[in-house]
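The values are calculated or read from the model by the stated rules, or taken from the named source; none is laboratory data. Just so it is clear, the model here is predicted, and its values are computed rather than measured. Because the Cβ atoms are built from the backbone with ideal geometry, glycine has one as well, and the counts that use them run over all protein chains shown. Side chains included, ligands, DNA and RNA excluded: accessible areas come from the protein's heavy atoms. Shrake-Rupley method; radii C 1.70, N 1.55, O 1.52, S 1.80 Å.
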Amino acid sequence: MNETPPRVRAEIDLAAVRGNVRALRDRAPRAELMAVVKADAYGHGAVPCARAALDAGAGWLGTATPQEALALREAGITARTLCWLWTPGGPWREAIEADVDVAVSGMWALREAVAAARAAGRTARVQLKADTGLGRNGCQPADWAELVGEALAAQSEGTIRVTGLWSHFACADEPGHPSIAAQLALFRDMVEYAEKEGLEPEVRHIANSPATLTLPETHFDLVRTGLAVYGVSPAPELGTPRQLGLRPAMSLKASVALVKAVPAGHGVSYGHHYVTGHETNLGLIPAGYADGIPRHASGRGPVLVGGKVRTAAGRVAMDQFVVDLGTDTVGPGDEAVLFGPGDGGEPTAEDWAQAAGTIAYEIVTRIGARVPRVYLNP
């Protein structure tokens, strides 16, 4: 039976993922590399991308939620995995029994992890997170001594093993920002205190993708690479993917659903924010904001159709948007490329980010679950 071609699809090049991991390892040759696969691997598919990253030499995986970490285990992936976004009552015991390293940012979390370890009869692998200036998760310096002290007590009774000390940068994607040096200095101080008190972590880490690419002094024992694993630049200021030695793994493509001739003065899409200036052909692209196409890119979002880059004509709707084809010959079923690596003149995720007034992280991560992923070079 012939498969029905999808109206829209995200092609994920796993060879690109593997190549990006190798390139990032070259940037941090003395550190282990964590491939962050949170948010379904930034929209690329957590399990296939995790396996590709491990094949290329990643030693760790990272997730935000415990459910993401447990899903990797259910898929048979046994690699070292750190999970860092917890709320009270979370599945601590399940994570501990699955040999997931759990991050702790405060006393309540440490106590829940300890209680779960006792209930499981297992030693929990715990990593203490320091807030060195980001102001999100992590333990404040004023509370660090208490957290370290209680962690040491739990470790001495065999309930936990502190496997890591870590933090996260606020502005590593802004070269020269004064907070980078301040956070790095504070992280060194907090690590030094914990180690003097008796902790012997396996890994110390603070470097995210931009720090991995540009700040070798931040690499320590482990670098946590997220967006860069998928070949997208974490910030235009740092360079394009090509300049950084990366290749975008995702290409978003659709089949043109309809082409029709309309007269001059014809309104297009909701609100008639676009009106044709002359007789022209309109092409219907069957993807919209329910698929993750940003409505904020209405009138600006680029797409390669019929060998030319065109922009969304009028508003992006829930399931579709329109492009003005002029007199060009394009037919139903022809391919429209919303973004990809850029090799064939197609737009990139960064181009869509610029059109929507956001960041490339959001563009790839927001591609919805109803868009099938097609994996190339498994």
Task: Tally, over the range 308-353, of residues that are farther than 18 Å from Gly231 by Cβ, in contact with a Phe, Trp or Tyr (Cβ under 7 Å, 6 or more places away or on another chain) and not small (Gly, Ala, Ser) - done: 3
Task: Residues of the range 209-227 that turn out to be of a type in the set (Gly, Ala, Ser), within 20 Å of Cys49 (Cα to Cα) and part of a helix (DSSP H, G or I), as a count - done: 1
Task: Where Trp60 falls short, out of the listed (1) more than 26 Å from Glu362 (Cα to Cα); (2) in contact with a Lys or Arg (Cβ under 9 Å, 6 or more places away or on another chain) - done: (1)
- [ ] Please state which of the following conditions Ala360 fails to meet, knowing it meets all the rest: (1) of a type outside the set (Phe, Trp, Tyr); (2) under 17 Å from Tyr230 (Cβ atoms); (3) open to solvent by 70 Å² or more (accessible area, probe 1.4 Å).
- [x] (3)
Task: Hits in the range 100-127 - residues which are of a type in the set (S, T, N, Q) and not in a loop (DSSP other than H, G, I, E, B) - done: Gln127
Open item on the list: So the check is Cβ under 7 Å with 6+ separation or different chains; which pairs have a first residue in the range 251-263 that's closer than 9 Å to Gly333 by Cα and a second one that's at pLDDT below 95?
Closed with: Ser255/Pro5
Task: Complete set of residues in the range 279-316 that are of a type outside the set (S, T, N, Q), within 18 Å of His266 (Cα to Cα) and under 25 Å from the mean Cα position of the chain (by Cα) - done: Val316
- [ ] Mind telling me which of the residues Gly342, Gly314 ends up being more than 16 Å from Val256 (Cβ to Cβ) and either aliphatic (A, V, I, L, M) or out of contact with any strand residue (DSSP E or B) (no Cβ under 7 Å at 6 or more places or on another chain) (or both)?
- [x] Gly342
Task: Unique match (being open to solvent by less than 60 Å² (accessible area, probe 1.4 Å), small (Gly, Ala, Ser) and modelled with pLDDT of 95 or more) among Ala117, Ala142 - done: Ala117
Open item on the list: Which of the numbered conditions does Arg188 fail, given that it passes all the others? Conditions: (1) free of Cβ contacts under 8 Å to residues at least 40 places away in the same chain; (2) closer than 17 Å to Ala31 by Cβ; (3) in a strand (DSSP E or B).
Closed with: (3)
Open item on the list: Taking the conditions exactly as written (touching a residue at least 40 places away in the same chain (Cβ under 8 Å), surrounded by fewer than 16 Cβ atoms within 10 Å (Cβ to Cβ), outside any strand (DSSP E or B) and among the small types (Gly, Ala, Ser)), does Gly368 satisfy them or not?
Closed with: yes
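Residues are listed down the side, and each one gets a yes or a no for (1) in contact with a strand residue (DSSP E or B) (Cβ under 6 Å, 6 or more places away or on another chain); (2) free of Cβ contacts under 8 Å to residues at least 24 places away in the same chain; (3) within 17 Å of Gly198 (Cβ to Cβ); (4) acidic (Asp, Glu):
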residue: Arg122; (1), (2), (3), (4): no, no, no, no
residue: Asp143; (1), (2), (3), (4): no, no, no, yes
residue: Glu146; (1), (2), (3), (4): no, no, yes, yes
residue: Ala154; (1), (2), (3), (4): yes, no, yes, no
Task: Pro332 vs. criteria assigned to a loop (DSSP other than H, G, I, E, B), in contact with a Leu (Cβ under 8 Å, 6 or more places away or on another chain), open to solvent by 70 Å² or more (accessible area, probe 1.4 Å) and in contact (Cβ under 8 Å) with a residue 24 or more places away in the chain - done: yes
TODO: Answer with yes or no whether Val232 is in contact with a Phe, Trp or Tyr (Cβ under 8 Å, 6 or more places away or on another chain) and of a type outside the set (S, T, N, Q).
DONE: yes
Task: Residue list for the range 154-177, restricted to those being open to solvent by 50 Å² or more (accessible area, probe 1.4 Å), more than 21 Å from His219 (Cα to Cα) and either among the β-branched types (Val, Ile, Thr) or not in a strand (DSSP E or B) (or both) - done: Ser156, Glu157
TODO: Hey, can you tell me all the residues within the range 335-361 that are among the small types (Gly, Ala, Ser), within 12 Å of Leu304 (Cα to Cα) and not in a loop (DSSP other than H, G, I, E, B)?
DONE: Ala336
